[in-house]
1. Can Ile194 be described as under 21 Å from the mean Cα position of the chain (by Cα) and either more than 19 Å from His117 (Cα to Cα) or buried (at least 16 other Cβ atoms within 10 Å of the Cβ) (or both)?
2. Anything in region 148-161 that is in contact (Cβ under 8 Å) with a residue 40 or more places away in the chain and either within 23 Å of Gly135 (Cβ to Cβ) or surrounded by fewer than 19 Cβ atoms within 10 Å (Cβ to Cβ) (or both)? List them, or say none.
3. I need the full set of residues from region 57-107 which are of a type in the set (Asp, Glu), closer than 25 Å to Phe22 by Cα and surrounded by fewer than 19 Cβ atoms within 10 Å (Cβ to Cβ), in order please.
4. When both residues are 6+ apart or on different chains and their Cβ atoms are under 7 Å apart, which pairs have a first residue that lies in region 229-245 and is closer than 23 Å to Tyr153 by Cα, and a second that is surrounded by fewer than 15 Cβ atoms within 10 Å (Cβ to Cβ) and modelled with pLDDT of 95 or more?
5. Among Leu168, Leu187, which is farther than 26 Å from His13 by Cα, outside any loop (DSSP other than H, G, I, E, B) and at pLDDT 95 or above?
6. Between a first residue in region 292-304 that is closer than 13 Å to Asp268 by Cα and a second residue that is of a type in the set (Val, Ile, Thr) and assigned to a helix (DSSP H, G or I), which pairs have beta carbons less than 6 Å apart while being 6 or more apart in sequence or on different chains?
7. Where residues in region 205-228 are touching an Asp or Glu at 6+ places or on another chain (Cβ under 7 Å) and surrounded by 15 or more Cβ atoms within 10 Å (Cβ to Cβ), which of them is nearest to Leu5 (Cα to Cα)?
8. Looking for whichever is of a type outside the set (Ser, Thr, Tyr), touching a residue at least 60 places away in the same chain (Cβ under 8 Å) and farther than 14 Å from His185 by Cβ here; the options are Asp164, Asp138, Asp107. Which one fits?
Amino acid sequence: MEKSLDRKLQSIHKDPSGSKEFIIADAKDADMAFGIGAPGLSPERHDQELKYKTLAEYREQIREVIKQEVVDIVLMSASTSEKLTIDERLFDNSPITPAARANDTTDVHVPRGGKIHLSPAKPFRSASLDHIQCGHLDCAPEERAYGADLGLYSVTFNNNLEEDLATLERYKEFREEAERKKFRHFLEIFDPNISTAIAADLAPGFINDLIARTLAGVATAGRPTFLKMVYHGPRAMEELVAYDPHLIVGILGGSAGTTLDAFQLIYDAKKYGGRVALFGRKINQAEHQLAFIQFLRYLVEDKIQPVEAVKAYHGVLQELGIKPTRELDVDLTYQTAVMSYGGEDGKTFSFPATKTASKPAAGSAKTTSAKPATTNGKGTPDFAAMSSAEKLAYHQDRLNRMFGE
């Protein structure tokens, strides 16, 4: 089956400025960072204690995402990819592309009570490309197509000669191995994980320059399929996209934050030239992951606006009898999301949504039930002609039907 990722990449490269395609990835590789807590908290009530979902429950959530066929990529650890890609063959007849985390730099090592992630990041790889591709070492050429042929490679630069040089050398070694084994990769560029590396106002330019410099010496065969990086705002995004329209820029999600944080982030990233979003914690900590993912797709297809999407998402939760993590008025606030795995030292700020949302009536998350009457002559909704209330009602009603009203 044709993979949506391949089709979208072809469209973007054919017409970088005109293509409307947008790639969404569900990053379910958190077991490479958080260990036992990676699957997230159990939805069951456990007074005065934290109980996490199991690895089996985490993988079952991935199976549901694959079955939904809305995202373009599912990123997993090598061990989970072996289970779902090689053993269960779940991607064989799916438009979704499997991918595995190909390295795990020390700044993503975040065990409970740990502090390794607070030191300057050092390159490290747990996974082997052969294990990702065929499940064992020394794959035969014909075996390399059994597993995933796409992986994430992560780098963190801290403005230090010795450390950054080691990072570049390990990345060069990886690229050469990947090219020989016909393994594609996308490049994750974290911001510095120590606060003294670069002044905050210089960080966007610092990262953009490092991306351009790092890839200048890399021929087409060794270049990343796309980038995954912190969204530094409109100016930095537009600068990088304009520099090389064929350098496909994707944004990472960072910490969970509010639903408006997630919806506004993906909306803004696309608006200013981003072509990919890879959300991990934002999806995994959502009350209903499939509904959340569906709204991400609506947002990048310009079928709904972020505030409308938050309201409609809460309406779906209400219809499903799911108690939201945050009340609607709180979920309609912005919080600056922490963009590192460790994140404990990051500050979070909330801003009142005075210009974007009004507080709902007490005890109600329900939105308008008005049905959209505007169509485009083909019997399908004409979203451009709809009011906000009509679009909100349409998407809430459709999702209620999809997920069991």
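The values are calculated or read from the model by the stated rules, or taken from the named source; none is laboratory data. Please read these numbers as outputs of a predicted model, since none were measured by experiment. Neighbour counts are summed over all protein chains in view; Cβ atoms, including those assigned to glycine, are modelled from backbone coordinates with ideal geometry.
1. Numbers: under 21 Å from the mean Cα position of the chain (by Cα): no; either more than 19 Å from His117 (Cα to Cα) or buried (at least 16 other Cβ atoms within 10 Å of the Cβ) (or both): yes.
The answer is no for Ile194.
2. Filtering region 148-161 for residues in contact (Cβ under 8 Å) with a residue 40 or more places away in the chain gives 148, 150-157, 159-160.
Passing the criteria: Ala148, Leu150, Gly151, Leu152, Tyr153, Ser154, Asn159, Asn160.
3. We begin by selecting, within region 57-107, every residue of a type in the set (Asp, Glu); these are 57, 60, 64, 69, 72, 82, 87-88, 92, 104, 107.
Those left that are additionally closer than 25 Å to Phe22 by Cα: 64, 69, 72, 92.
Selection gives Glu64, Glu69, Asp92.
4. Every condition considered, the pairs that remain are Tyr243/Ala212.
5. Values: Leu187 fails: farther than 26 Å from His13 by Cα.
From the options Leu168, Leu187, the qualifying one is Leu168.
6. So the pair list comes out as Leu296/Ile266; Leu299/Ile266.
7. The initial filter retains those residues of region 205-228 that are touching an Asp or Glu at 6+ places or on another chain (Cβ under 7 Å), namely 207-208, 221-222, 228.
Of the ones still in play, those that are also surrounded by 15 or more Cβ atoms within 10 Å (Cβ to Cβ) are 207-208, 222, 228.
Working: Ile207: 26, Asn208: 24, Gly222: 18, Lys228: 15 Å.
Top of the filtered list is Lys228.
8. Numbers: Asp164 fails: touching a residue at least 60 places away in the same chain (Cβ under 8 Å); Asp138 fails: touching a residue at least 60 places away in the same chain (Cβ under 8 Å).
Being of a type outside the set (Ser, Thr, Tyr), touching a residue at least 60 places away in the same chain (Cβ under 8 Å) and farther than 14 Å from His185 by Cβ holds for just one of Asp164, Asp138, Asp107, which is Asp107.
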